[in-house]
Amino acid sequence: MVRTIGFFSPLFLLIPLFYSCSNENEKVNRKQEISHKRGKRKLSEEWSRLTDSPKNYEFVYNDSLSEYLNAYNKTLSLFELPIDEKDLQTQFGNAHVLVCGKSGNPPLVLLHGMNASSTMWYPNMKTLAKNYCVYAIDFLLEPGKSTCNLKRLNKEQIAGWYDEIFSKLGLKSFYLVGCSRGGWLATAISLSKPQKIKKLVLLSPAQTFTWIKPSSALLSNITYSISPNKEKLDHVLSGLSVRSVKISKTYFDQYYLGTEKEGISRCVFDMTPYSRKSVETLNMPVLVLIGDKDIINNQRCLEKAKKWIPNVETGTIENAGHFLSFDQPATVNRIILNFLSN
């Protein structure tokens, strides 16, 4: 069974291997989009060959006392503040939301990276919850406490699922933060319901402005996905984080269990960079941050954001990889809070 790792999917990362990564001009980008469609068909065929049962479309656990859920609950202790866990019934299944902070404070929604679950925000939650009522939502097609009753959801359905959650939570207008794949999802939500988003923060958004370029570190992720074990995971994380040794062992154990049991969902094939025409419609203030040692994004990502988004701020976090919120939590927290409050 093909498995996933990191804040992105190894199969998804194979997409650039089917076609050239984007170059500096828009003519090349258009050629890539055509090439991507061909690569997407090839990957879809490969998907059908590699998967062995419908269960591979989603993360599954046997009961409420499963090893993964126990690990998830242990990670919650790292938040060091009261947490209200909400379960909301939606058209596509259960939506699990972690709520921290006073209910009267301005609402702030957090979308985690791929396979990371909402517990990935443990280095950030305590600080963010001081001035905001924070809602961290588990994505329904990945490890976490949200569940899905369908095999596949497209981008529009996923955006609709989040909007249903916002309605059930009574969130008419809020701040939105997305990390890696969560950044790609946050962009989709902002394009779908722009009137609800006060400000948008994208932390190294995966394949949002540019294609992901192949590298040795990404190939290590693919190798891990075929045969996951903790030793390999430690090596892979060192390519994504400049401070991987600082990641809590409690979270590391939960994260490993998620990548070990998770099966790739078909919706990853919908993760393609947004067009300039669509991104230019984002009128809310937007903040885009990447790490100076980020293997997913580089300065070209920030350059496109500057050209395409009308009201944007960009920045590079020093001594940080793709895992910004883990590598430099104090710096990331400070920049986010300053952006939201100004």
For this session: Leaving ligands, DNA and RNA out of it, work out the accessible area of Arg300 with a 1.4 Å probe and give it in Å² to the nearest 10.
Result: 20
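Would you mind calculating the gained length between Thr250 and Thr281 on full extension (0.36 nm times residue separation, minus the Cα-Cα distance), in nm to one decimal? Before the final figure, lay out the partial values.
Working: separation 31, 0.36 × 31 = 11.16 nm, distance 4.10 nm.
Full extension from Thr250 to Thr281 adds 7.1 nm.
Residues of the stretch 294-342: accessible area per residue at 1.4 Å, in Å²? Mind showing how you got there, number by number?
On the way: 2060 Å² over 49 residues.
Result: 42 Å² per residue.
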Problem set entry | Alpha-carbon centroid distance for the pair the stretch 287-342 / the stretch 115-138, whole angstrom | 18
Exercise. Once the piece of chain linking Thr316 and Asn105 is laid out straight, how much longer is it, given 0.36 nm per residue of separation minus the C-alpha distance between them?
Worked result: 73.1 nm
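Which FRET efficiency value, to the nearest 0.05, do you get for Ser77 and Asn154 by plugging their Cβ-Cβ distance into 1/(1 + (r/R0)^6) with R0 = 45 Å?
0.80
The values are calculated or read from the model by the stated rules, or taken from the named source; none is laboratory data. Nothing here was measured: the structure is a model prediction, and the numbers come from that model. Here the Cβ is made from the backbone with ideal geometry for all residues, glycine too, and neighbour counts use every protein chain on show. Only protein heavy atoms, including side chains, enter the accessible area calculation; ligands, DNA and RNA are left aside. Shrake-Rupley method; radii C 1.70, N 1.55, O 1.52, S 1.80 Å.
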